[in-house]
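The values are calculated or read from the model by the stated rules, or taken from the named source; none is laboratory data. Just so we're clear, the structure is a prediction, and the values are computed from it rather than from any experiment. Every residue, glycine as well, gets a Cβ built from its backbone with ideal geometry; the counts of neighbours run over all protein chains shown.
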Ligand code: KG4
Ligand code: ZN
């Protein structure tokens, strides 16, 4: 089945259900986002302090058809006008992925459309295409709830992991320390806001800064934070949460910015892309921008708009166009791959 054959417009329907957001989008001509419906389930998971996979799957089942209808209606597009269906097939929660995948397959089959498989993390990177045309080679700092990675892209859809977290992901660390100071899940955004009203008085460790590689580790920082809070509790002392947030954020941001700058100096990159939920962090955005202006003025920095940093289907549509151009279509036996990695994706 060839892509956009006999179609007047170049339109893709995109579906994302890898975690706790049911999202469907319609994207036109590579970069035009006509609709991007995101049904968040966060309220249902909050009382458990994290994502409950079974609850996530149930919500996806309830929401997916509604989101598909809404995305088409908002875009003013009929199924027969579409040229393909892009869908996240990994990484993520297997039950959650399967709901989106089944819906995408059914929709593609019923409307005689090709199925375009998309890696969720590639979607995060290609969210940056909504801001600017990507220039290669580029370096992507991927920071989400499940991943912290530095990815080198020599060209379109070619991914090489240069460094990654050896333990917790950056977003995961934010969520875990937030819980210790009584914030609700997910706490990254709130810690970011609190950090702007506090000071780095605790000087938590900056892990692996001098290691000479581009890997990360956040578990030592998390333990230092938790020990500081618990020791104070045992002494009957109450610590200032704003200073705790500022100190935690200063450590995360310094490590992320330092490693990214250092990596960009070692690889011939024209552009740095920051993507994933933690890319919404104001401290990270400001600090990286400032450091790059001083140290790497010739390299462009691109960060998706706030709405496209977290999980959403528009980014899957943007990456879907790239996969489709490469002729990367899937059969209807495409399975979910919960631990899909860039190293599993062969570049041409
Ligand atoms: O990419 P994402 O929406 O989902 C995954 O694929 O994991 O990332 C969610 C993560 C959560 O851990 C959340 O706390 C974090 O992104 N996050 C932030 C901010 N906004 C969301 N972390 C730090 N600062 C923020 N402003
Ligand atoms: Zn994500």
Requested in this report: Give the residues of the stretch 297-318 that are in contact with a strand residue (DSSP E or B) (Cβ under 7 Å, 6 or more places away or on another chain) and under 12 Å from residue 33 (Cα atoms), sorted by residue number.
Outcome: 312, 313, 314, 316, 317, 318
Query raised in the report: Is there a residue in the stretch 319-326 that is over 22 Å from residue 25 (Cβ atoms) and either away from ligand 1 (no atom under 16 Å from the Cβ) or in a helix (DSSP H, G or I) (or both)?
Result: no
Query raised in the report: Which of (1) in contact (Cβ under 8 Å) with a residue 12 or more places away in the chain; (2) more than 16 Å from ligand 1 (Cβ to nearest atom); (3) at negative phi; (4) outside any helix (DSSP H, G or I) does residue 112 not meet, given it meets every other one?
Result: (3)
Query raised in the report: Of the numbered conditions (1) within 16 Å of ligand 2 (Cβ to nearest atom); (2) assigned to a helix (DSSP H, G or I), residue 292 satisfies every one except a single condition; which is it?
Result: (1)
Query - Residue match in the stretch 29-46 (condition: modelled with pLDDT under 95, crowded, with 16+ Cβ neighbours inside 10 Å and in contact with a strand residue (DSSP E or B) (Cβ under 6 Å, 6 or more places away or on another chain)) - result: yes
Query raised in the report: So how many residues does the stretch 1-23 have that are within 16 Å of ligand 1 (Cβ to nearest atom) and modelled with pLDDT of 95 or more?
Result: 7
Query raised in the report: Would you pick out the residues in the stretch 264-286 that are under 22 Å from residue 129 (Cβ atoms) and over 20 Å from the mean Cα position of the chain (by Cα)?
Result: 264, 267, 268, 269, 270
Query raised in the report: Would you call residue 282 touching a helix residue (DSSP H, G or I) at 6+ places or on another chain (Cβ under 9 Å) and surrounded by fewer than 24 Cβ atoms within 10 Å (Cβ to Cβ)?
Result: yes
Query raised in the report: So, in the stretch 328-348, of the ones that are exposed (fewer than 11 other Cβ atoms within 10 Å of the Cβ) and at pLDDT below 95, which residue ends up nearest to residue 165 (Cα to Cα)?
Result: 343
**Report entry** Qualifying positions in the stretch 117-152 - away from ligand 1 (no atom under 16 Å from the Cβ), in contact (Cβ under 8 Å) with a residue 40 or more places away in the chain and in a loop (DSSP other than H, G, I, E, B)
**Finding:** 131, 132, 134, 135, 136, 137
Requested in this report: Spot the failing condition for residue 86; the list is (1) within 12 Å of ligand 2 (Cβ to nearest atom); (2) in contact with a strand residue (DSSP E or B) (Cβ under 9 Å, 6 or more places away or on another chain), and only one is missed.
Outcome: (1)
Report summary line: Reported set for the stretch 76-100 where residues are part of a helix (DSSP H, G or I) and surrounded by fewer than 23 Cβ atoms within 10 Å (Cβ to Cβ) is 79, 80, 81, 94, 95, 98
